[in-house]
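Step one of this worksheet: look at the structure below.
The values are calculated or read from the model by the stated rules, or taken from the named source; none is laboratory data. Because the structure is predicted, anything quoted here is derived from the model rather than measured. Positions of Cβ are generated from backbone atoms using ideal geometry, with glycine treated the same way; all protein chains shown enter the neighbour counts. Accessible surface areas use protein heavy atoms only, side chains included; no ligands, DNA or RNA. Shrake-Rupley method; radii C 1.70, N 1.55, O 1.52, S 1.80 Å.
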Amino acid sequence: MFRIGAHVSISDGFPAAVDHEVDLGGNCGQIFVGSPRGWAVSEVDETEAEAFQETTEERDVRPWIVHGTYLVNLATPKDDLAEKSVDCVQSELDATAALGVPYYVFHPGAHTGAGESTGIRNVGERLSEVDVPDDVTLLLENTAGKGTTVGKRLEDLDEMVEVSSHGYGDLGICLDTCHLFAAGYDFRDDAGMADLADDIEATVGYENVHYLHLNDSKHPLGSEKDEHQHVGEGEIGEDGFRLFVNHDGLRENPMVLETPVDEKGYEWNIETVKRLRTGD
Ligand SMILES: [Zn+2]
Ligand SMILES: [Zn+2]
């Protein structure tokens, strides 16, 4: 079954997030478990977690994914920031487990001058300090490569997993189309999509990709800028999305949108992706 949804707010509580998703036409979804630009992680009380899981079952909206706060930086050379980041990832993972959500995704971070290879090793080593709950898979998201951000190449994500004491299983990958494109992966035609597919297979492997973020890009190929656009209306365009969402190695993954919320909104983007899908 094709699973497509959008990032939704938890400001009305976790169970209401499920209803918000259904209102948008989604059947899977993404949430934060705290402020995306703060360190505080919401307490998940048992009653609310149960209500969230019941609503999820009843309305058949799944699988959910929790997105980590943007402040987390496991690549940093600064020990205090690293410690804070590890603690935050742990709290968010625990909240994810308490909600019965199977996936948690975060951005690896930025090396801020320490060098890319040091940043990549830092991420792997600090991931080893995290206790991944049994029923949660911790996903590393590929980045656009802005500034000193690490994780723009698939082999870099693979190296972070290699360095860490966890293997694939506890860890996995979430691919963001805007970030891939901004990092220089061009999948707008058959040949480009085939190259990307070969790259995935040679590095992280399809079997370790568990979730997709569908966002078009406001900026050109290889720009390393992370600004999302409505699906089909950015530099990737409809052809690129048609190839990506229908690709044999990727099409079984749940997909969520993080597109701008303006006059178009998520409903429009969900409809657009459904229109581009074939063979369901
Ligand atoms: Zn993200
Ligand atoms: Zn982004």
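For the stretch 4-276, what log10 I(q)/I(0) values come out of the Debye formula at q = 0.09 1/Å, with one point per alpha carbon and no solvent? Ignoring solvent entirely, the Cα scatterers give -0.38. Taking amide hydrogens as placed 1.01 Å from N in the peptide plane, the amide H of Glu141 sits under 5 Å from those of Phe106, Cys174, each at least 5 positions away in sequence or on another chain. Expressed to the nearest 5 percent, the antiparallel share of DSSP beta bridges inside the chain is 15 percent. What's log10 of I(q)/I(0) for the stretch 241-280 at q = 0.16, 0.29, 0.30 Å⁻¹, Debye sum over Cα points only, no solvent? Reported log10 I(q)/I(0), two decimals: -0.42, -1.05, -1.09. Distances between every pair of Cα atoms in the stretch 79-157, grouped in 5 Å steps from 0 to the bin holding the largest one, split as 3, 15, 26, 24, 18, 10, 4, 0 percent.
Distances between placed amide hydrogens fall under 5 Å for Ile4 paired with Asn27, Cys28, Met255, all partners being 5 or more residues away or on another chain.
Taking label positions 7 Å along the Cα-Cβ direction at both His166 and Glu227, the computed distance is 3.4 nm, reported to one decimal. Note on Thr47 and Glu271: with the Förster distance fixed at 45 Å, the Cβ-Cβ geometry gives a FRET efficiency of about 0.80.
The eigenvalues of the Cα gyration tensor, multiplied by 5 and square-rooted, give the stretch 133-265 an equivalent ellipsoid with semi-axes of 23, 16, 15 Å from largest to smallest.
Per the Debye calculation on the stretch 196-280 with a single equal scatterer at every Cα and no solvent contribution, log₁₀ I(q)/I(0) for q = 0.26 Å⁻¹ amounts to -1.38. Surface composition of the stretch 4-276: carbon and sulfur make up 43 percent of the accessible area, probe 1.4 Å.
Put simply, when 223-229, 113-119 are sorted by average Cβ atoms within 10 angstrom per residue, most first, you get 223-229, 113-119. Other residues lying with their Cβ under 10 Å from the Cβ of Ser42 contribute a combined charge of -4, Lys and Arg counting +1, Asp and Glu -1. 3J(HN,Hα) along the stretch 227-235: 9, 7, 10, 4, 4, x, 9, x, 6 Hz, from the Karplus curve 6.51 cos²θ - 1.76 cosθ + 1.60 with θ = phi - 60°, whole Hz, x for Gly and Pro. On a per residue basis, the chain carries 41 Å² of accessible surface, using protein heavy atoms and a 1.4 Å probe.
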